[in-house]
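Down below is the structure, laid out as C-alpha cells.
The values are calculated or read from the model by the stated rules, or taken from the named source; none is laboratory data. Small disclaimer: the values here were computed from a predicted structure and weren't measured. For neighbour counting, all protein chains shown are included, and Cβ atoms are generated from backbone atoms with ideal geometry for every residue, glycine included. The area values use the complete protein model at the heavy-atom level, side chains included, leaving out ligands, DNA and RNA. Shrake-Rupley method; radii C 1.70, N 1.55, O 1.52, S 1.80 Å.
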Amino acid sequence: MKAIVQDVYGTADVLALRDIARPVVRDGEVLVSVRAAGVEQGVWHLMTGLPYLVRLFGYGLKKPKVSVRGREVAGVVEAVGAGVTRFKAGDEVFGTSEGSFAEFVCAKEGRLARKPRNLPFEGAAAAAISGVTALQAVRDSGQVTVGQKVLVIGAGGGVGSFAVQIAKAFGADVTGVCSTGKVEFVRSLGADAVIDYTREDFAAAGAQYDVILDTAGNRPLSVLKRALAPRATLVLVGGENGGNLTGGFERSLAAPLLSLFSGKSTKAWCRGRRTLTLRPWHP
C-alpha cells in the first residue's frame, strides 16, 4: 500500500510517498480502509520531534517510533481482529490511530466510533482529535453552563472553532479571539462577539469571563488572570511558541500556582490527552 512516511525528524522535506506493507490486524484492532485523514497541529509536532518534550511522551527519542504520519482517520472497516465486537467489515467509522496517512491503518477498537451517515468522511476525520478535545475542554474541564460568559482564544483554529460551537450549544455567551482574516469565520460559527487580537487586547478591555479556553496560546498566565471573573475556570489546551524544549507547556507547569493562590480553577490539556486538572484551594 502507499503511505506518507518519514525516517528522521525534520521539516516537511523528510516526508516521502512510499509503498510499504499493509498492516496486519491484531487482537482488539480494526483494519480501516482510509477514506480521509485529518491534519492537526500534533502531526507537525510528531514530524519535527519538537518540542523535545514530545519525544519523552513515547514517540521516539532519536527518530519517530511510528514512521507513517497522521493520527486522525475516517474510513470503512476492512477486517476486525479477535475480540472486536462493536464493528464488522463494511462499517463506516472515524477516530484516531497512529499512521493514518496511508491506504490502510489499524486502530484499537476503543479509538473508533461509527461515522454519522450525514457526516462526510472529510468532516469526520477532522473532528476526531480537535472536536473531541474541544468537547472535553468545554464540557468536562470548563463545565460550561447556560448564561456563562466564555472566552475562546484561538477561536479560528481547529480546537477553537469547535469550542465556539459547543459552548454556544451549551447556552453560553461566547466571545472568540482570532486574527483579522478569521473574524467573519468565527462570527459565522455563532460567536456573540469577536475580538481581533491584532487590533484589540482582550485583557485590557476590562471584561471578565466565567470560563476562558486558551487553545494553543502563548499568553502569560498573569494576562489571562486579569480577564477571569471570581471563581472562574481557565482551561489551557496545549501550548505553542515556547521554544524547542517545552514548546509552551511551561504555562501548564506554572498553572498550579494560579489555582492555589487566586481562587480560580486552572486545567491544562494537550490535544487528545488530558494532562492535569487543578482546582482552587479556598481557605
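Here are the numbers for the structure shown:
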read-out: Percentage relative contact order, the stretch 105-242, counting C-alpha pairs under 8 Å, at least six apart; value: 21
read-out: The stretch 1-130: equivalent-ellipsoid semi-axes (sqrt of 5 x gyration tensor eigenvalues, Cα, Å); value: 25, 15, 14
read-out: Carbon/sulfur fraction of accessible area - the stretch 107-157, other protein chains in place, 1.4 Å, %; value: 53
read-out: Rounded accessible area of Lys65 (nearest 10 Å², 1.4 Å probe); value: 150
read-out: Computed lengthening from Asp91 to Trp44, 0.36 nm per intervening residue step minus Cα-Cα distance; value: 13.9 nm
read-out: Nearest-0.05 FRET efficiency for Asp19 and Glu200, computed from C-beta distance (R0 51 Å); value: 0.50
read-out: Sites Asp192 and Ala82 - FRET efficiency at Förster radius 35 Å, r taken between beta-carbons, to 0.05; value: 0.10
read-out: Where the stretch 65-210 is the region considered: accessible area per residue in Å², 1.4 Å probe; value: 44
read-out: Centre separation in Å (Cα based) which lies between the stretch 204-223 and the stretch 160-179; value: 14
read-out: Ser179 paired with Asn218, simple spin-label distance in nm, labels 7 Å along Cα-to-beta-carbon; value: 1.2
read-out: For the stretch 141-147, 3J(HN,Hα) per residue [Karplus equation, 6.51 cos²θ - 1.76 cosθ + 1.60, θ = phi - 60°, Hz, x = Gly/Pro]; value: 7, x, 6, 5, 10, 4, x
